[in-house]
Structures are given as C-alpha cells and as structure tokens.
1. Expressed as a rounded percentage, what relative contact order does the stretch 4-112 have, with Cα pairs under 8 Å and six or more residues apart?
2. Relative to the longest principal axis of the C-alpha atoms of the chain, give the angle of the C-alpha long axis of helix 119-140, reported between 0 and 90° and rounded to the nearest 10°.
3. Counting only the heavy atoms of the protein chains, how much of residue 473 is accessible to a 1.4 Å probe, in Å² to the nearest 10?
4. Can you give me the C-alpha center-to-center distance between the stretch 1-80 and the stretch 216-248, rounded to a whole angstrom?
5. Express as a percent, rounded to the nearest 5, the fraction of DSSP beta bridges in the chain (both residues included) that run antiparallel.
6. With axes computed from alpha carbons, what is the tilt in degrees of helix 47-61 against the longest principal axis of the chain, rounded to the nearest 10 within 0 to 90?
7. Tell me, what % of the accessible area of the stretch 4-112 is carbon and sulfur with a 1.4 angstrom probe?
8. Which three numbers, in whole Å and largest first, are the semi-axes of the equivalent ellipsoid of the stretch 6-61 derived from its Cα gyration tensor as √(5λ)?
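The values are calculated or read from the model by the stated rules, or taken from the named source; none is laboratory data. The structure presented is a predicted model; accordingly, all values stated were derived computationally and were not measured. Positions of Cβ are backbone-derived with ideal geometry, glycine not excepted, and every protein chain shown enters the neighbour counts. The accessibility values were calculated without ligands, DNA or RNA, using every heavy atom of the protein model including side chains. Shrake-Rupley method; radii C 1.70, N 1.55, O 1.52, S 1.80 Å.
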Amino acid sequence: MACYYRQHADTTVTVPKFSNESSSGGVTYYDIKVRVGKVEWLVERRYRDFANLHEKLVGEISISKKLLPPKKLVGNKQPSFLEQRREQLEIYLQELLIYFRTELPRALAEFLDFNKYDIIYLLQDLAKLFNESGDALLSSKKEYNLSALEVYAISERLSLPCPPSLDRGGKYDFSHVLDFCTQLVALVVTPVKDNASYAQDYNTVDVPIDRSNIIPNRLSFNLNAFRNLKTLKFSALSTENIVDIELLKPTLQTICVHNTTIQNINQVLLCDNLHKHCDVPSLLPETILASPSGSGPSTSNGSALVSADAWQEITELDLTGNLLTQIDGSVRTAPKLRRLILDQNRIRTVQNLAELPQLQLLSLSGNLIAECVDWHLTMGNLVTLKLAQNKIKTLSGLRKLLSLVNLDLSSNQIEELDEVNHVANLPLLETLRLTGNPLAGSVDYRSRVLARFHERAAEISLDNEPGNQQELDTALVLSALLQSKQRQQQK
C-alpha cells in the first residue's frame, strides 16, 4: 500500500494517454498514472476536473493561476491539440508534486485518489467519518465492515512516526480512528468494502483493487487496534493475512471465516503461528480439558495449560464455505467451544472433538461424510447435529448420542426405514429432518417414521412440523404392529 509521507522521493505521476468517449458526447478523458514506491494506480479525469482542482488550490494555497494550461473553445478536439494538452497536464501535476513535497492538500490527494490507496489519506477519510458519525455507527450497527486495505492502513499507521499535519486534533486526526476501533465489538473484514459481488473473484484468483496493482490477499496486518472485539468475521479473505492476533485472544468469543480457500482449521485458530502445520505437542497437547474451576483449559493431570495459542473465550467458530478437508487438532486450542459450524466444505471424517466437552452444536451440512462411526465417543454432550446434504446411508453411529435434541439428516442417501430405529431410541430427541432422502418418498412416510418413536410420536417434529392427528393415529397402529413383531422375534 502507498505511503506518500514515507515515499515522496519515490513518487511519480504521468499522463500516458487520453481517450474520447463517443458515448459521452465526445468528452475527452485523461488517464493519470500514479506510482508511489511499488504501488501503482490509474485515475481518469476530464480537463474540467483539472480546472476545478486548480481553482481550489489557487483559493486555498495561493499557487499561481498560470500553472494550469488555459482552456480552448475552438479546435479543442483536434488530436494534435489533445496531445499537447496531455503533455501540459502531466507537467502541471509533476510541478504540484514538487511544490507539495511531503504532504498533499486534500483537494489534490482526492483528485489523484490518494485517499483510496495511501495509508495517510485513506485514514483521513475514515477519521472524518468516525469523527462525525462514529457514535451513531457504534450504536446502530451490531458489526462494522472494513476493507482489507483499511485494516492494513490502520495496522501500518500504528508503526509510523506521527506525520506532520495541517489538521492536528481536527476532523482528519488518526485518534478518531483509534477511538472507534477500541470501542468496536464486532468487525467484518472483506477484500473490498460494501461490494459482495467481488467475493467469488477474490476467493479464486488474485484480483487487484479497482485500477491499482494492490491485491488484498497479499496484505499482511495485525489487529492490535481492536482490543475489545468479541466477534471477528472474514469473508473472501484468508485469516493468514493476520500476522499478530494475540491481543484478541482474551476477549474474542466468535470467529467466522467464509468463502476462502483455506483447507485447515489451523489456518484460522493458529493464523499467526509459523508452526501451524506441525502438530507440535507444546502447541496442541494431546488432551485439553476444562479445568476443574472452569477458569480455562488444563492438561490431563489437572495442571493449568499455559499456551500462547489457547483461545480463552471462544464459544463459536463458523467456517462455512471454505475448502476444509478435516477437523484438525487446532480445535483443541478452543476448549470452551459450544458451536462449531463447518457447512459447505469437503470434510469426510469427524475427529479431534473429544476435548471439546462444552460443544453443543455441530453443523456439517454440505460436506462429503458417508458414515458416522461411534460418534458418541467424541461428542457425548451434543444437543444439535446438522448433517444435511452429505452421503450418509446408515445411522448406527448416532445411536448413543443420548443428549441429542435436534438432528438434521435431510438430503442424504438413507433408504431403509429401519435406520430410523437407531435414532428413535434417543431419549431427548425432539426434531428430526429426513426430507430429501430416498425413504422420504415412500408411502405413508411420515406415519411410518413417527411409529418408530412409539409413545413419543406426538413429541417429535418431523421435517419441521409435528404429526397431525391422522398421522399420529396411523403411527399408533404401526407402532403396535412393530412391537408385536419384535416380541415374536425375541421368542
């Protein structure tokens, strides 16, 4: 990202070409190329825009009126004239950069789009916004969206010496940004601000921002300015862009990462750890249990776990819409996890959940799971389990999830009605979804499923609705026949 304050000696501005827009009545636009260090971007402006800029600079800074080439009324569409004007406008901008060697006036910064790509001027826009509307934004919104560029700018600005400013303490002062960030409770980070249409592009390829060469997925930043965050959401941007997340671990309660190409959970929970891909015992102990006092994680011998990678307060982890292939051992760094949502990934097996004693909701819809083998051994306290849109055929592995209340098995490959018997004996089960399975197309499907619950049939909500009286009456008859058949088999 650009920083004119630090790189003014390595800054150039040129006007390489012009173009006539016939659709706009023959209006001529000049392409301005700005380079600050290795960062480049293009700006498109009309001569009228140059004239408006010059008028502001003459009025505010008292620069010479003769600096800008004059307007021409006749012959101003001739190629030779336009080429001459292009050269003159280039000289005009270069002389302005010489005049404003270390700090650009706001009018010039906005004309050249420095407020979009330069750390200082982008943050001045944010400072103005938060100075005028910060309190209203904090009170009216549960979360606030910042682009990767804005978060990067905040991170970099914290390491900069205080630049000279014509507005010290005023509406453009960086302190307004810091005040807002320290009060923010929920932050959403996206590649581009308020533009959901970019999500798929940034998810698959390195796409630069607008007409610049800045690529959001290559911006590394810390989150030290956001000391009171409870919720952090990343969309279409990898959490591996974060180089330091340590200060958030005492307060963060929810992490959501959507629409990225991450393949492992450790890319989120150990995002700033250089050894995240190694299952090092010191980082991922074999057993992490809730401590007896409930104050935090401990090892199997009861001693307190001291680990820089432990998440002390996280209760929800939502990694929907990524490329996860497994549940790796890094989940053990969040022993207080209550909600784990891993929908729309590529997970085939479930593991590493035994050390999450407080886990109550597990959502694995839209994955590649084909079987559930003795899941009660790793998730004995589960209340809600969502397995929609997988490849499950048998339910025997769910038969001992005795705390289960809600079970979603819609859109799987369950064919045999007898498979329902494995979950019908779960004592606390109240809601069951089987729609979209082959068995759901059978005659009297609802009554035949409810019959498997026998005297509890009226308590069950099947496919989001309880049985009506006719279904329950039929289920009662079918239940009696099933029980009779079972007694005969026992004899």
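1. Relative contact order, the stretch 4-112: 28 percent.
2. On a 0 to 90 degree scale, this one is about 50.
3. Using a 1.4 Å probe on the heavy atoms, I get roughly 80 Å².
4. The stretch 1-80 and the stretch 216-248 have Cα centres spaced 36 Å from each other.
5. 40
6. For 47-61 against the chain, the angle is about 70 degrees.
7. The value for the stretch 4-112 is 49 percent carbon and sulfur by accessible area.
8. Values for the stretch 6-61, descending: 24, 18, 6 Å.
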